[in-house]
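We did not get these values from a lab; they are worked out from the coordinates using the rules stated. Bear in mind that the values here come from a model prediction, so they are computed numbers and not experimental data. Cβ: placed from backbone, ideal geometry, glycine included. Neighbour counts: every protein chain shown.
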Amino acid sequence: MNRILLLLNISLLGACSLVAPAPKHASAPVNDTAPEVVAIHVPAPVIALLAKRQAWCLLPEDERLQVQGILQTRNNSTSQFQQLILATCAPEHNAKQSRALITMLNAQSLSEAERALLSLIDDTNRALLQTQQERDVFQAKLRHTIDGISDIEAQINSNETQQLRGQQ
């Protein structure tokens with residue numbers, strides 16, 4: 001579900017660059033309450049990065065790990081951005097790594113489109129990490145409940161055994 005949400009968000013970001021405001025014709029009725037559509041220019045490097053992401057996400061996991069290893073040997077903002085984009089191919093496993101990369105990238109000089117993409121990924125990671133934390137809490141509660149039920153069953157069985165011995 002989170003992967004679908006992330007892909008949808010990235011697709012919407014790309015679609016924003018394709019939206020242009022409708023021309024206002026004198027014969028068209030004016031609707032002051034409708035928001036005006038604003039075109040957002042997404043620079044070619046960001047689009048190229050998203051195209052790379054699409055190709056990387058199609059790779060088997062072991063090949064993505066090889067790409068990640070290569071990117072980690074380079075120490076520049078481009079490779080860090082690429083590492084972040086690569087991490088979004090499996091966000092449920094890489095959310096913490098992505099947060100660290102986002103922190104490093106936020107300290108650098110970025111274009112408005114890169115900052116918007118970073119913000120989108122960061123928001124998605126926060127939601128994912130919160131969901132994972134809630135899942136962990138529920139799993140702990142479930143484990144505690146199951147252990148409690150097991151203890152009750154053991155106590156019931158022990159009481160039944162004692163009663164059977166007392167009847168003999």
Ranked packing of 108-120, 126-138, most packed first, by mean Cβ within 10 Å: 108-120, 126-138
What share of all Cα pairs of the range 65-157, in percent, falls into each consecutive 5 Å distance bin? 3, 12, 19, 17, 12, 8, 6, 6, 6, 4, 4, 2, 1, 0
Can you tell me which of 94-103, 43-52 comes out highest on packing, and rank the rest after it, using the mean Cβ neighbours within 10 Å? 94-103, 43-52
